[in-house]
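The values are calculated or read from the model by the stated rules, or taken from the named source; none is laboratory data. Model, not experiment: these values are computed from the prediction. Every residue, glycine as well, gets a Cβ built from its backbone with ideal geometry; the counts of neighbours run over all protein chains shown.
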Amino acid sequence: MNSVIDLDNNYQLKIINSYSDFPDNVTNIDNLKISTIFRQKILLLKIDFNTLKKENFKNVLRKFLSIKNIILKKHIPLGIRNENTTIIGYIINYDENNEKQNDFILGINAILFDTKYERYNYIYDTVCNYLDSYFYGKNLCDFKNNKCGEKRTTSSVTGCCRHFKIKWLGPFSKLVECEYLNMDNHTCSVKCISCKLFTCDYLRKKGIQFKIKDILLLDTFFNPLQKYFIKYTTFTPKEKILKRLIMF
Ligand code: SF4
Ligand code: SF4
């Protein structure tokens with residue numbers, strides 16, 4: 001197993017195998033207290049996956065984010081420099097095949113971005129990549145002759161990538177292909193996270209559904225209004241969704 005986990009922005013987490021390898025000045029991520037960090041004059045994380053409960057991941061990450069913002073204002077160093085990288089903390093009892101543990105580490109990575117925009121951009125891309133890889137190469141929508149399982153008996157040859165144009169015309173509005181659909185290869189050109197999260201009845205019957213509360217990065221770092229936008233802003237380019245998320 002690697003002895004370090006590389007994060008973005010030149011941060012690293014060091015993997016250790018023995019409790020005696022923890023330096024003296026680490027602070028348990030499960031019990032972050034500003035007074036302890038002031039005393040230590042540094043924030044160096046201790047992460048023990050044997051004691052850290054997955055039900056607490058969200059609250060622990062939120063606390064780390066708020067503490068990080070305070071200590072940066074007080075000019076307390078975050079991690080220790082090691083050549084061109086910064087070791088942000090030490091990790092023990094880590095299982096690289098454990099999806100939940102890896103999600104938690106993605107959350108730490110998100111917190112270490114300097115600005116809210118960078119953090120949201122990272123979360124957005126990470127979740128989209130996860131959703132893309134979930135579908136990749138599986139034909140879960142059962143496309144045959146360009147018709148998906150849900151729309152098999154309709155005229156749609158683009159799955160659910162079409163919508164009513166000029167809704168206020170009521171019965172005179174017409175169904176059109178989404179303007180962002182690349183008709184040459186039937187791919188989305190704008191990375192719309194709401195569309196990627198969408199699952200129709202056909203997929204839900206197959207047991208495929210994505211809930212925001214089950215995706216740690218989305219559940220942890222966004223408030224209810226932002227979650228609403230993430231879920232329902234379909235047919236919309238990434239930049240527009242990010243702009244809206246930053247506003248709230
Ligand atoms: S999500 Fe449903 S409606 Fe959309 S392409 Fe897949 S099967 Fe068709
Ligand atoms: S924005 Fe949504 S509806 Fe439009 S092409 Fe992309 S995935 Fe399809």
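Residue check: is V157 farther than 30 Å from N17 by Cα and more than 22 Å from the chain's Cα centre (by Cα)?
Yes.
Looking at segment 200-211, can you tell me whether even one residue there is away from ligand 2 (no atom under 16 Å from the Cβ), acidic (D, E), at pLDDT 95 or above and more than 14 Å from the chain's Cα centre (by Cα)?
Yes, because at least one residue in segment 200-211 is away from ligand 2 (no atom under 16 Å from the Cβ), acidic (D, E), at pLDDT 95 or above and more than 14 Å from the chain's Cα centre (by Cα).
When you go through K100, K74 one by one, which is the residue that is over 26 Å from F198 (Cα atoms) and surrounded by fewer than 18 Cβ atoms within 10 Å (Cβ to Cβ)?
Result: K74 is the single residue among K100, K74 that is over 26 Å from F198 (Cα atoms) and surrounded by fewer than 18 Cβ atoms within 10 Å (Cβ to Cβ).
In segment 178-189, which residues are touching a strand residue (DSSP E or B) at 6+ places or on another chain (Cβ under 8 Å) and either more than 13 Å from ligand 1 (Cβ to nearest atom) or part of a loop (DSSP other than H, G, I, E, B) (or both)?
Those that are touching a strand residue (DSSP E or B) at 6+ places or on another chain (Cβ under 8 Å) and either more than 13 Å from ligand 1 (Cβ to nearest atom) or part of a loop (DSSP other than H, G, I, E, B) (or both): C178, Y180, N182, M183, S189.
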